[in-house]
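Worksheet for the structure shown next.
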Amino acid sequence: MQGLLLKLSTLDADAESAVRVIAYFDSLLRDHVSVPTLLAATARLAQCPVGLLDAATGRRTRTSPRGAVDTPAEAPAQVRELSDGLGAVWMEREGPAHGLDEIVLERYAVAAEVTLERAAALARSGQDPALVELVLSAETDEAERARALRLLGFAPSAPLQALAIALPDRGPDRGLAAGLRAMGHQVRATRIGDTEAVLVATTLPRDLPEGSRVGIGPELPGARAAESWAGARTALRFTGPHDRVMRWSELGALALFADLPEPAVAGLADVRAMERLGEESLAAVRALCLAGSVRGAAATVHLHHSSMAARIARAESVLGFSLADAAGRLRAHLALALVRLRANLRSGTPA
């Protein structure tokens, strides 16, 4: 029924046409459409602009038959009030009213009430997951995301950070979310595939509660939460057993490698060489890249500097390049990151 766009200008105000209008809105409700989708569908049906006042957010939205959306400063004088103080809806037809306008407005109001009540019920019952997913989806439009944020208790203009937590074999990591809440953070979470998605309203501390591997997106206004989520998912791809937390803000140029296919990463000589190193040599290279010197690396892993130097020498013989200068250490650092990326690509860590 949704595929049949009823143009009122071609319909007579008879019982058959009224039934088709009712069936049209019933179809929209069966599909659990969002408020923006309901407005767009109603405007196409009526072939005139329609509007809605959402009392929960105080936002007015108007949609044209072509899908243009704006926010009028005020509603027109003639509106249809929704029950339970949910808001109001209206149609803006130029010229004389059509014979089916009244039934269209009536069914539009009923559909708006049901759609708004569904969203409110999610918030009242604490079923945040659907709202969190709506906020994080790149397909969600501005008005829909703003409403979902408000229902979750976030202001669309307030800064948020998204976290992507790897959950390969178990359910949501309640430890991390609970730990953040205990630290005073406003947290909302859901599971998306094999990743737990977490929204946090305040700037995260450097030290997070221990748990699964986690990618942290950039701090952005809530209205841009989808961008933070994309950054968090990218950061997650560079985490590993020894690098369990990765921030998008610290990836820098590494982010450019995130979308490489696994065979391309596997084909890099430095990656293949790094994967041939034993765990002892890998730990030595990792420590050297972080510390910048053999003595600093030795202190990090509690080894004598001569023992560390021997391990580095063995690693260099496998890698085929020197780690004595900054250029060599940068090359090794990149290879280590790509090894983690490849491991995540092979294990199916979500991108």
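Can you spot a residue in segment 204-223 that is at pLDDT 90 or above, within 20 Å of the chain's Cα centre (by Cα), open to solvent by 10 Å² or more (accessible area, probe 1.4 Å) and charged (D, E, K, R)? Within segment 204-223, one or more residues are at pLDDT 90 or above, within 20 Å of the chain's Cα centre (by Cα), open to solvent by 10 Å² or more (accessible area, probe 1.4 Å) and charged (D, E, K, R). Mind checking which residues of segment 322-340 are surrounded by fewer than 16 Cβ atoms within 10 Å (Cβ to Cβ) and outside any helix (DSSP H, G or I)? If the condition is that a residue be surrounded by fewer than 16 Cβ atoms within 10 Å (Cβ to Cβ) and outside any helix (DSSP H, G or I), then Ser322, Ala324, Asp325 are the ones that fit.
Against the conditions (1) at pLDDT 75 or above; (2) open to solvent by 10 Å² or more (accessible area, probe 1.4 Å); (3) not aromatic (Phe, Trp, Tyr), where does Asp14 fall short? Just the number, please. Failing condition for Asp14: (1). One residue stands out among those in segment 263-274 that are over 14 Å from Ala337 (Cβ atoms) and either at pLDDT below 90 or open to solvent by less than 30 Å² (accessible area, probe 1.4 Å) (or both): the one that is farthest from the chain's Cα centre (by Cα), which is Ala273. Looking only at residues of segment 86-106 that are surrounded by 14 or more Cβ atoms within 10 Å (Cβ to Cβ) and at pLDDT below 90, we find that the one that is nearest to Leu39 (Cα to Cα) is Leu86. In segment 41-55, of all residues being touching a Leu at 6+ places or on another chain (Cβ under 7 Å) and hydrophobic (A, V, I, L, M, F, W, C), the one that is most open to solvent (accessible area, probe 1.4 Å) corresponds to Ala55.
Considering segment 114-136, and only residues there that are open to solvent by 40 Å² or more (accessible area, probe 1.4 Å) and modelled with pLDDT of 85 or more, the residue that is farthest from Arg59 (Cα to Cα) turns out to be Glu133.
Residue-by-condition table, conditions (1) of a type in the set (Val, Ile, Thr); (2) on the phi < 0 side of the Ramachandran plot; (3) at pLDDT below 90:
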{"site": "Arg247", "(1), (2), (3)": "no, yes, no"}
{"site": "Gly278", "(1), (2), (3)": "no, yes, yes"}
{"site": "Val285", "(1), (2), (3)": "yes, yes, no"}
{"site": "Ala313", "(1), (2), (3)": "no, yes, no"}
{"site": "Leu323", "(1), (2), (3)": "no, yes, no"}
{"site": "Ala327", "(1), (2), (3)": "no, yes, no"}
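Within segment 278-303, restricting attention to residues that are of a type in the set (D, E, K, R) and over 14 Å from Gly328 (Cα atoms), which residue is nearest to the chain's Cα centre (by Cα)? The residue in question is Glu279. Among the residues of segment 235-262, just one is open to solvent by 30 Å² or more (accessible area, probe 1.4 Å), touching a strand residue (DSSP E or B) at 6+ places or on another chain (Cβ under 7 Å) and part of a helix (DSSP H, G or I), namely Trp248. Applying a threshold of 8 Å to beta carbon distances and a minimum spacing of six or more residues, or different chains, the list of pairs starting in segment 275-293 at a residue that is surrounded by fewer than 19 Cβ atoms within 10 Å (Cβ to Cβ) and ending at one that is of a type in the set (Ser, Thr, Tyr) reads Leu290/Thr300; Ala291/Thr300.
Pairs are defined by a Cβ separation below 8 Å, a sequence spacing of at least 6 or placement on different chains, a first member in segment 104-118 that is closer than 18 Å to Ala143 by Cα, and a second member that is of a type in the set (D, E, K, R) and open to solvent by 50 Å² or more (accessible area, probe 1.4 Å); the pairs so defined are Glu113/Asp84; Glu117/Asp84. Of everything in segment 164-203 that is open to solvent by 20 Å² or more (accessible area, probe 1.4 Å) and β-branched (Val, Ile, Thr), the residue that is modelled with the highest pLDDT is Ile192.
Restricting to segment 310-321, name every residue that is surrounded by fewer than 17 Cβ atoms within 10 Å (Cβ to Cβ) and assigned to a helix (DSSP H, G or I). Matches in segment 310-321: Ala310, Ala313, Arg314, Ser317, Val318.
To keep it simple, each residue is scored yes or no on (1) in a helix (DSSP H, G or I); (2) open to solvent by less than 60 Å² (accessible area, probe 1.4 Å); (3) of a type in the set (Lys, Arg); (4) modelled with pLDDT of 90 or more.
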site	(1), (2), (3), (4)
Ala75	no, yes, no, no
Asp84	yes, no, no, no
Tyr108	yes, yes, no, yes
Ala112	yes, yes, no, yes
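Considering the conditions (1) under 30 Å from Ala226 (Cβ atoms); (2) modelled with pLDDT of 90 or more, Thr349 is excluded by exactly one of them, (2).
The values are calculated or read from the model by the stated rules, or taken from the named source; none is laboratory data. Nothing here was measured: the structure is a model prediction, and the numbers come from that model. In this analysis, Cβ positions are derived from the backbone assuming ideal geometry, glycine residues included, and neighbour counts consider all displayed protein chains. Just so you know, the surface numbers come from the protein's heavy atoms only, side chains and all, with ligands and any DNA or RNA stripped out. Shrake-Rupley method; radii C 1.70, N 1.55, O 1.52, S 1.80 Å.
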